[in-house]
Amino acid sequence: MVNNYISRDDYLQSELASESRHEYIAGHVYAMSGGKLNHQRIAGNFSYLVKKSLEGQSCIQTGMGFKLQIALGGGEDAFYYPDGMIICVPVAGDALYTDSPTVILEVLSPSTRRNDEIQKLRDYLTIPTLHTYVLAETDTPFLTLYRRTESGFRSETLSGTEAILSLPQPGIAFSLAELYEGVR
């Protein structure tokens, strides 16, 4: 049996030199495929809308190239590349990743849907700072949200271009028409 285990530090070092992105889960590395145009547009619109909405606030937005670290327990970690994040804690300019997002966006595609709805959902909901996990469909304006409440996370859905994505933490909102602008 071949042992494909790679250490956390080796992963982080190799990712710096890599031309493509890879996610890391408990010692195993998985190459990421490129997204389709609709995927790119939704993620790009999210980044633009959030950045514009956060002007003058201490929160920041990140795009698809910034890693998220999650402690899995037992000394193991995962590193993911969400399609977008809002971070409301200080982050050094030379940071390679965060472990403290307030909002995470994943744009669903046939190849990532199962992972985004099961493994990442399970992992993301363990993040103490996370207030909202947003799953966006690629072909129609439809979002599934997991929002933190006093009794844990609850899910809700938003659909149609008239719907408003409200993110109380950090205090911004925009329409699904804006989020899905240019999506065909």
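Things worth noting here:
- Test: TYR24 is closer than 27 Å to PRO128 by Cβ and assigned to a strand (DSSP E or B): yes
- For segment 172-184, the set of residues classified as part of a loop (DSSP other than H, G, I, E, B) and surrounded by 12 or more Cβ atoms within 10 Å (Cβ to Cβ) consists of TYR180, GLU181, VAL183, listed by residue number.
- Of all residues in segment 153-169, exactly one satisfies the criterion of being open to solvent by 50 Å² or more (accessible area, probe 1.4 Å) and aliphatic (A, V, I, L, M), namely ILE164.
- Residues within segment 16-36 that are under 30 Å from VAL183 (Cβ atoms) and touching a residue at least 60 places away in the same chain (Cβ under 8 Å), tallied: 5
Quick grid of which residues meet (1) of a type in the set (Lys, Arg); (2) open to solvent by 70 Å² or more (accessible area, probe 1.4 Å); (3) farther than 18 Å from LEU96 by Cβ:
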{"position": "SER7", "(1), (2), (3)": "no, no, no"}
{"position": "ASP10", "(1), (2), (3)": "no, yes, no"}
{"position": "SER14", "(1), (2), (3)": "no, no, no"}
{"position": "SER20", "(1), (2), (3)": "no, no, no"}
{"position": "ILE25", "(1), (2), (3)": "no, no, no"}
{"position": "ALA31", "(1), (2), (3)": "no, yes, yes"}
{"position": "LYS36", "(1), (2), (3)": "yes, yes, yes"}
{"position": "ILE42", "(1), (2), (3)": "no, no, yes"}
{"position": "PHE46", "(1), (2), (3)": "no, no, yes"}
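- Within segment 76-152, strands (runs of 3 or more DSSP E) holding 3 or more residues that are in contact (Cβ under 8 Å) with a residue 40 or more places away in the chain and open to solvent by less than 60 Å² (accessible area, probe 1.4 Å): 76-80, 101-107
The values are calculated or read from the model by the stated rules, or taken from the named source; none is laboratory data. Worth saying up front: this structure is predicted, and the values here are computed from it rather than measured. Every residue, glycine among them, receives a Cβ derived from its backbone with ideal geometry; neighbour counts consider all protein chains shown. The protein model used for the area step is the full one, side chains on, heavy atoms only, and it has no ligands, DNA or RNA in it. Shrake-Rupley method; radii C 1.70, N 1.55, O 1.52, S 1.80 Å.
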